[in-house]
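The values are calculated or read from the model by the stated rules, or taken from the named source; none is laboratory data. What you are looking at is a predicted structure, and each value in this text was computed from that prediction instead of being measured. So basically every Cβ, Gly included, is an ideal-geometry build from the backbone, and we count neighbours across all protein chains shown. The area values use the complete protein model at the heavy-atom level, side chains included, leaving out ligands, DNA and RNA. Shrake-Rupley method; radii C 1.70, N 1.55, O 1.52, S 1.80 Å.
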Amino acid sequence: THPQSTLFVLFGAAGDLSWRLIVPALYRLYIDKHLPDRFHLIGVDRMPLGPEELARHYAEKLAESGEDIEKDERWAGFCRSLGYISGDLKDPAVYRQLRTLMQAREQEWRESCQQVYYMATPPFLFADIASNLGRAQLHRDRKRARIVVEKPLGRDLASFQAINRALTEYFHENQIYRIDHFLGKETVQNILALRFANSIFEPIWDRRYVDHVAITVAETLGVEHRGSYYDHAGALRDMVQNHLMQLLCLVAMEPPAVYDADDIRNRKMDVMHALRPIPPEQVAQRAVRGQYGAGWINGCRVPAYREEPGVAPDSDTETYAALKLYVDNWRWQDVPFYLRTGKRMAADVSEISIRFRPVPHRAFPAAGSEDTHPVALTLRIQPEESIVLHFFVKEPGSRARLRRVRMDFNYLDAFKVATPTAYETLLRDVIAGDASLFMRADQVEASWRLLMPVLDTWSDTKPTDFPNYAAGSGGPEAANILTAVDGHSWLTAF
Ligand code: BG6
């Protein structure tokens, strides 16, 4: 069925997130004919602009990123759906104007439309926007009025709860779409397909066969132009609290009975409930933080984190975080889940590696590598989207020497089409009213709750060794110890 006629209101339309990610994704959806026939994009922001100027602004930004669209007829078509209101997002008059504009469009179309309110603004505006929408009665259609927000959803448990109270003052939980853009990535969604559409993986997907799980999200990028945001966040808030925790839930959750938003999110919530808390006295054994110093990335010298623009010269913010987690339930008891993420690492690699137990009895002469490199199933999220099974075969010509080989599945090779970007997938779902790939409040809250002792301990104790890893390296040595004490290692190729 074709999606319903939609009024899409973009708060913060002139800002970074809008031109970098949201508008390009909407434009792609338009080109691919995934937007409703009747679609009106209304930008709202402080900048005094007209819709034509806003369109030109987007076109320039898109051109900078290599898309030449200004002469493209499709771009002109897309821009015909663009409106703009300029004003202070805290000013109730803006919302009256918005309502008038929306009503005019509905009258012209002779139908009532669904409404999407996307907050592409800094989070300190979320509460004002939500309550202004509420006071202007723009939240009233419980099924068809939706707000979309994106991290940072707070910087700790209390501030998350405050944001959430503000959002739920007028809006119901089922009207709130909290984006975690990792969930829009194809390979991330594919975790559930791999696990629950094939009968061969699930029987061994538990503590009897799985030895440990390692989740890595490593980036070569530094903090770019986002130093002033990042310096108040750090890797644990920026990446672990949301993206890595979502990956863990997808790997560890029980099968949903049906593939729908509530069932999937309930099963994830079961994982969150089962996560073994990290009491303050265990933080040192179960969490590692790091900050990069100067180093080399792809042959270029890059500065230390403390020298980046927007960052305090004596900053203690972590640019790397690793955790050891346990899911205390029947399936996963005592299986370590290692999570790590860092900026300015040696390579761009995001992957989940499920490592299996060694065989109970080894009849082959010792070959060496199976002790350190177990049979593993690796789900690669970036840079290429692939699934790789690492296993042992006999080396040709030898009597019984084993070698670890790989069996590869690669998305691009198999389907020959570029996969949609995360934002295309997520925006399409918002418009379709499908919340499966969005975060529910209870889950976000549980994640903050779990991490609070780590955040508190880290803010109370000054790291003495920062910077403790060089840009372009594999991260701090302490992270290797985190796994080595259990006889494991991270094993990613860098
Ligand atoms: C964002 C973080 O949520 O995710 C960034 O704020 C990070 O710091 C980014 O670089 C990574 O996402 P992606 O899709 O580029 O891998």
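So for segment 292-302 (the condition being under 23 Å from the mean Cα position of the chain (by Cα), in contact (Cβ under 8 Å) with a residue 12 or more places away in the chain and within 16 Å of the ligand (Cβ to nearest atom)), does at least one residue qualify?
yes
Look at segment 56-102 and say how many of its residues are touching a helix residue (DSSP H, G or I) at 6+ places or on another chain (Cβ under 7 Å) and basic (K, R).
3
Among the residues of segment 218-225, is there at least one that is modelled with pLDDT under 95 and either assigned to a helix (DSSP H, G or I) or open to solvent by 40 Å² or more (accessible area, probe 1.4 Å) (or both)?
yes
Note down all Cβ pairs under 6 Å where the first residue falls in segment 440-466 and is over 18 Å from L247 (Cβ atoms), the second is open to solvent by 70 Å² or more (accessible area, probe 1.4 Å), and they're at least six residues apart or on different chains.
Final answer for the pair search is P453/P280; T457/P280.
Scan segment 40-53 residue by residue and report those that are in contact with a helix residue (DSSP H, G or I) (Cβ under 9 Å, 6 or more places away or on another chain) and either surrounded by 20 or more Cβ atoms within 10 Å (Cβ to Cβ) or under 22 Å from A130 (Cα atoms) (or both).
Those that are in contact with a helix residue (DSSP H, G or I) (Cβ under 9 Å, 6 or more places away or on another chain) and either surrounded by 20 or more Cβ atoms within 10 Å (Cβ to Cβ) or under 22 Å from A130 (Cα atoms) (or both): H40, L41, I42, G43, V44, D45, M47.
Is there any pair with a first residue in segment 244-263 that is farther than 18 Å from S447 by Cα and a second that is open to solvent by less than 30 Å² (accessible area, probe 1.4 Å) and of a type in the set (V, I, T) whose Cβ atoms are under 7 Å apart and which are 6 or more apart or on different chains, and what are they?
P256/I264
Taking only segment 470-480 into account, find how many residues are in contact (Cβ under 8 Å) with a residue 40 or more places away in the chain and part of a helix (DSSP H, G or I).
Summing the residues that are in contact (Cβ under 8 Å) with a residue 40 or more places away in the chain and part of a helix (DSSP H, G or I) in segment 470-480 gives 2.
Conditions (1) away from the ligand (no atom under 12 Å from the Cβ); (2) modelled with pLDDT of 95 or more; (3) open to solvent by 20 Å² or more (accessible area, probe 1.4 Å); (4) not in a helix (DSSP H, G or I), marked per residue:
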position	(1), (2), (3), (4)
L167	yes, yes, no, no
R195	yes, yes, no, no
R208	yes, yes, yes, yes
H212	yes, yes, no, yes
I215	yes, yes, no, yes
G227	no, no, no, no
R237	no, yes, yes, no
M245	yes, yes, no, no
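In segment 333-376, which residues are at pLDDT 95 or above and of a type in the set (S, T, Y)?
Result: Y338, T341, S350, S353.
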